[in-house]
Amino acid sequence: MNIISLKKGLRKIKKINVRTFLINNKLLIFLSMFLLIGIFLGAILLKYADGGVMRLINVLFLSDFKKRFSKTLLEVFITSISSTFVFVIISFFIGLSMWGFILAPIIPLIRGICIGLTESYLYSAYGLKGIIFHTLVFLPGIFISSVAVLLMAREAMKISNHFSSIIFLKDRLESARNSIKLYMIRSGCIAIIVLISSAVDVVSSFLFSKMTPFLGV
């Protein structure tokens, strides 16, 4: 009887935790939908992308594993960190405008399109090998860096909305100062996540660079 009650209690706790998570992270889930839509669109748009677009994607993300494995680890790190910081920095400055609440969701959407293009390119160019390469080398870093982009977009939406709500307050300068201070601290934490994602990207590239004979490079 006690075991049955315990199982029911654990089930109830799990339901409450999931519900609490969804309620507390509505904005993050909303932005994640834009990211997923972007990935889907990117996968579709590949057939309409010309050579120039794909060359740009290769430069930004080193999506061609032949080029990636020919680069030094430092070059891979710089490319990885740059490709994510572009989205983070744009989100940061968007948040400082009153229109940030509207514009911020565009950032994860574009990020998703880039990911979708990269995934589709690898599959169309290398088939199963491309999927394996993406899963082992790209996915760990992409997941962490995408979390950073989503968090930055969320913070941008929150502070932009805050600026709009305090515009008529008497102590708006003090409130804005405190908000910007907190915004800077959180942005710094997100920057650390970006660094971690780039480090993971480098480690993945290093560990699986030995797969080049299998991949036919």
Beyond 25 Å (Cα-Cα) in this structure, taken from Lys26/Lys47; Lys47/Lys129; Lys71/Lys129, we find Lys26/Lys47
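Can you give the extra length, in nm with one decimal, that the chain gains between Ile106 and Glu75 once fully stretched, where that is 0.36 nm per residue apart less the Cα-Cα distance?
Value of the extension gain: 8.3 nm.
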Distance in nm between Ala125 and Leu28 label points, each 7 Å along Cα→Cβ, equals 3.3
How much FRET efficiency would the formula 1/(1 + (r/R0)^6) give for Ser165 and Thr135, where r is the Cβ-Cβ distance and R0 is 41 Å, rounded to 0.05? 0.40
If I take R0 = 25 Å and measure r between the Cβ atoms of Lys181 and Leu36 in this structure, what FRET efficiency does the formula 1/(1 + (r/R0)^6) give, to the nearest 0.05? 0.15
Nearest-0.05 FRET efficiency for Trp99 and Val203 at R0 = 35 Å, using Cβ-Cβ distance, is 0.35
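The numbers here are math on the coordinates, done by the rules we state, and not lab data. These figures come from a predicted structure and were not determined experimentally. Methodologically, a virtual Cβ is constructed for each residue, glycine included, from the backbone with ideal geometry; neighbour enumeration extends over all protein chains shown.
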